[in-house]
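What follows is a set of notes on a single structure, which appears directly below.
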Amino acid sequence: MTQPIVLFDDDCVKCRRWARFIEARNDSFNVRLIGQNTLEGQLIIDKMPDSFAGIDSVFLLLPEDDWYAKSSAIWRICRFLRFPWPIASILALIPWPIRDLAYDRYARQRN
């Protein structure tokens, strides 16, 4: 793998909207979007570290084989988008339990 991969729930309306948002702001095509329910997505998920098992989230997989989920994935994904979105990386200053609480609250509303 030579570029970051964003795994999103391609059965979820909000998640597909998020993927289109990324695609529209990823001018240099440095992030690859893959639906979790595709064959390719399933093959990647099968290699997921055990610590991520059972997490219902968007995932970011970096070329160094680093995995991120929930809010940790979101703010890191923003770093790959065109300006001004990399500024959203400032969210990393908020402790992850608080960020993930907000992420989970929003994720409960998805279809």
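What follows draws every value from the coordinates through simple rules; no lab data is involved. Worth saying up front: this structure is predicted, and the values here are computed from it rather than measured. Virtual Cβ from ideal backbone geometry, glycine too; neighbours counted across all protein chains shown.
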* **Mean ellipticity per residue at 222 nm, deg cm²/dmol - from DSSP H runs of n ≥ 4 across the chain, formula -39500 (n - 2.57)** => -11000 deg cm²/dmol
* Antiparallel DSSP bridges in the range 5-107: what percent, to the nearest 5? -> 60
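I'm checking a number: the convex hull volume of the Cα atoms of the chain, normalised per residue, in Å³. What is it?
Details: hull volume 11.5 nm³, N = 111.
So the per-residue hull volume is 104 Å³.
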* Asked: In what order do Trp96, Trp67 fall by count of nearby beta-carbon atoms within 10 Å, going from fewest to most?
  -> Trp96, Trp67
* Structure fact -> One would report the Cα pair-distance distribution of the range 1-59, bin width 5 Å, in %, as 4, 18, 29, 25, 17, 6, 1
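Give me the net charge of Asp100's neighbourhood, meaning all other residues with Cβ under 15 Å from the Cβ of Asp100; Lys, Arg count +1, Asp, Glu -1. Mind dumping the intermediate values first?
On the way: positive: Lys70, Arg76, Arg99, Arg105, Arg108; negative: Asp56, Asp104.
So the environment of Asp100 carries a net charge of +3.
Exposure proxy check: Ile45, Ile98 ranked by fewest other beta carbons within 10 Å? Walk me through the intermediate numbers first.
On the way: Ile45 16, Ile98 11.
Arranged by neighbour count, lowest to highest, Ile45, Ile98 become Ile98, Ile45.
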* Structure fact -> Checking every Cys Cβ in the chain against the others at 4.7 Å leaves as unpaired Cys78
